[in-house]
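Below: one structure, written as structure tokens.
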């Protein structure tokens, strides 16, 4: 069946649900007979950009062209494609919601037809390359269609691409949301289920070009510095023509067959034994087999005919982690080294600049001969005793597997296309990563905000322990040690985000930015790399630095705990856990950067995001104390095994709310130190709440201070930090004296707060 017939089926399916009237407003009739649809899609249109969702549809007339239902070879310029693919097209002409939304497969059908309409051929592509001195190849890209604010040029809605895709592990199948044209991590029937988040890939004939700030290649173009020669001296691959199966992709290649193959590996446990030696008690040959190294159960392409092609879905597992066992059921363990390096009660493996194994390893579940495992977290040990037991006792600690991994998406091509590409057949780097606990926050947006005038210079340097760098800004080769060596050491732009090859239109939309609350599988919404990272870490191979999935914690919840305890160590993915645990002795300066509310940490209610209940105030005689869960005893591996993590608690914190919290915390800490004294990080957050308009306690404070807070307000309660100590008769708890209890109401937008110390009156203060 011809592609136009498939497009007709898509139109017929959607037309009765408000789509026919909506598109007819622009002059496009999708109800015409099948034999007239191609001509209808090719005719000039007068687009009404006052209609919601079409404000950022590119105006082809700016560049001398005319908009059509399908502009051959240019999905972004095709009205039908924009209408179906844009997450901002949601409403009928009367303002009510459209009755049905397209599936990814339906969007793919129209996308394929757009490229088919170009009637491209290998001969024409060769001629174009020769005429313009362009090097061609074939590259695999992850890609998605976005509104103007999230594109490389930020002028109009457009496709964005990267040779790196990011999917995320979970305990429930993926959920496609037609309104956002994307995937959501939540499971409405189970607050503690975390849905896997997929990625979409396709192969494209691509052109190589140097980075260009004038052409917005890549997104967030990097200028040269003393340490780096900048993007203008680096090669980037830009998609030119999509490759898809059948007779219509290339006019001089019949029966085109394009096959994508996904190969992933998790070798965390094997890497640990490479560094520490084979202390597993198993033969050395076992170290190359599961669970030391495994390739199945990570992610596979969907074989469901209702899904689009190149749809990579992480494998669903009942739990985020599992005890590691050999295929024949033997427990897998390692002997903790004598005088092991540690971060509190976590074993640390430091291999220098090249992190060739997981940096952090859980070692608190001890295997005992002929006895059940011994969970050190549950022993009546003080913090110091637990740390000493882990680091000096040389226990045989059980390994745990998680189901993350990294790998490559490769393409198999027919001879004719392979000849065109020559040696330039490029794989995509695929990361299957831990969950993003702030799925509604945008990493790139946060990074740009952190360095914008919205954050006063006086506060900028005091916010982040780690800057919110994004993976797409890295210029580092993908994992050079993957089986089959699919990547080269000079392939340092694979994580960059780019547009299609060609000139960017001069059209600039004035549409209001809309951030669809969906998973993005491109690396500008993923964390960069540092000590070691959240989505990916760093290693070296023959002197060349490269990205690597095995550098992260084993299993990943161990790393997540440490990041949480360091005050949003990885902004926009790692929650700030400083309110729920006492400061780790190895980093007593940890302080609250992006506070979670009393409800989100279970201080009120019973559903903390991580299973760790927030602090409580206890009284002994006339003295009050704040009692915390001991950081050394908190074990995210235990909580993952028990299914205690919940995305539903934090998932609705969007970028605006996240930025408000970060700015409010930096602002109020600065004012507290100025007004009440103390070094930086002196004041500890005891309570934090987001207030509704008209909150009676805030109104009383405003009356007492003689000033009003005009923006979104937050209520903080602080006390002065002092040395934590083990709680009497409760070795898994730690306490601090409740000193100098202070209340503040904070408006971060206007940098205005109301402050009341333990002794004194309400005051109105600014930065």
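The values are calculated or read from the model by the stated rules, or taken from the named source; none is laboratory data. Bear in mind the structure is a predicted one, so any value in this text is a computation, not a measurement. Heads up, the Cβs are rebuilt from the backbone with ideal geometry, glycines too, and the neighbour counts pull from every protein chain shown.
Worth a mention:
- Meeting the requirement of 3 or more residues that are over 20 Å from residue 394 (Cβ atoms), the strands (runs of 3 or more DSSP E) wholly within region 289-351 are 299-301, 311-314, 321-323.
- If only residues of region 731-747 that are over 15 Å from residue 765 (Cα atoms) and without any contact (Cβ under 8 Å) to a residue 60 or more places away in the chain are counted, the one that is nearest to the chain's Cα centre (by Cα) is 741.
- Counting the residues of region 106-128 that are assigned to a helix (DSSP H, G or I) and either in contact with a helix residue (DSSP H, G or I) (Cβ under 9 Å, 6 or more places away or on another chain) or under 16 Å from residue 76 (Cα atoms) (or both) gives 14.
- Restricted to region 568-679, the set of helices (runs of 4 or more DSSP H) holding at least 3 residues that are touching a residue at least 24 places away in the same chain (Cβ under 8 Å) and out of contact with any helix residue (DSSP H, G or I) (no Cβ under 8 Å at 6 or more places or on another chain) comprises 647-650, 655-676.
Per-residue answers, yes or no, for (1) surrounded by 15 or more Cβ atoms within 10 Å (Cβ to Cβ); (2) in contact with a helix residue (DSSP H, G or I) (Cβ under 7 Å, 6 or more places away or on another chain):
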{"site": "418", "(1), (2)": "no, no"}
{"site": "421", "(1), (2)": "yes, no"}
{"site": "439", "(1), (2)": "yes, yes"}
{"site": "443", "(1), (2)": "yes, yes"}
{"site": "463", "(1), (2)": "yes, yes"}
{"site": "471", "(1), (2)": "yes, yes"}
{"site": "476", "(1), (2)": "yes, no"}
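- Within region 266-290, the set of residues being within 22 Å of residue 548 (Cα to Cα), touching a strand residue (DSSP E or B) at 6+ places or on another chain (Cβ under 8 Å) and either without any contact (Cβ under 8 Å) to a residue 24 or more places away in the chain or surrounded by fewer than 21 Cβ atoms within 10 Å (Cβ to Cβ) (or both) comprises 273, 276.
- Meets criteria (assigned to a loop (DSSP other than H, G, I, E, B), free of Cβ contacts under 8 Å to residues at least 24 places away in the same chain and closer than 26 Å to residue 238 by Cβ) for residue 50: no
- For region 129-167, the set of residues classified as assigned to a loop (DSSP other than H, G, I, E, B) and either out of contact with any helix residue (DSSP H, G or I) (no Cβ under 8 Å at 6 or more places or on another chain) or surrounded by fewer than 23 Cβ atoms within 10 Å (Cβ to Cβ) (or both) consists of 133, 134, 147, 151, 152, 153, 154, 155, 163, listed by residue number.
- All told, residue 703 falls short of being in a helix (DSSP H, G or I), in contact with a helix residue (DSSP H, G or I) (Cβ under 9 Å, 6 or more places away or on another chain) and modelled with pLDDT of 95 or more.
- When 58, 70, 62 are checked against the criterion of being surrounded by fewer than 14 Cβ atoms within 10 Å (Cβ to Cβ), under 23 Å from residue 508 (Cα atoms) and within 38 Å of the chain's Cα centre (by Cα), 62 stands alone in meeting it.
Residues are listed down the side, and each one gets a yes or a no for (1) touching a strand residue (DSSP E or B) at 6+ places or on another chain (Cβ under 8 Å); (2) surrounded by fewer than 24 Cβ atoms within 10 Å (Cβ to Cβ); (3) farther than 28 Å from residue 725 by Cα:
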position: 487; (1), (2), (3): yes, yes, yes
position: 503; (1), (2), (3): no, yes, yes
position: 521; (1), (2), (3): yes, no, yes
position: 535; (1), (2), (3): yes, no, yes
position: 556; (1), (2), (3): yes, no, yes
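- Taking the criterion of being surrounded by 18 or more Cβ atoms within 10 Å (Cβ to Cβ) and part of a loop (DSSP other than H, G, I, E, B), the residues of region 1-30 that qualify are 18, 26, 28, 30.
- Test: residue in region 703-710 that is closer than 27 Å to residue 580 by Cβ, in contact (Cβ under 8 Å) with a residue 40 or more places away in the chain, surrounded by 18 or more Cβ atoms within 10 Å (Cβ to Cβ) and in the same structural domain as residue 609 (by TED's automatic domain parsing): no
- A Cβ distance below 7 Å, combined with a sequence gap of six or more or placement on separate chains, defines the contacts here; from region 537-565, residues that are in the same structural domain as residue 269 (by TED's automatic domain parsing) and free of Cβ contacts under 8 Å to residues at least 12 places away in the same chain reach no residue that is part of a strand (DSSP E or B) and surrounded by fewer than 22 Cβ atoms within 10 Å (Cβ to Cβ).
- Per this entry, residue 190 is counted among residues that are touching a strand residue (DSSP E or B) at 6+ places or on another chain (Cβ under 9 Å), free of Cβ contacts under 8 Å to residues at least 24 places away in the same chain, over 18 Å from residue 495 (Cβ atoms) and part of a loop (DSSP other than H, G, I, E, B).
- Selection of first residues in region 7-21 that are within 19 Å of residue 78 (Cβ to Cβ) and of second residues that are assigned to a helix (DSSP H, G or I) and at pLDDT below 95, restricted to Cβ pairs under 7 Å at least 6 apart or on distinct chains, gives the following pairs, ordered by first then second residue: 8/34.
- Selection from region 91-105 of residues that are surrounded by fewer than 20 Cβ atoms within 10 Å (Cβ to Cβ) and part of a helix (DSSP H, G or I): 105
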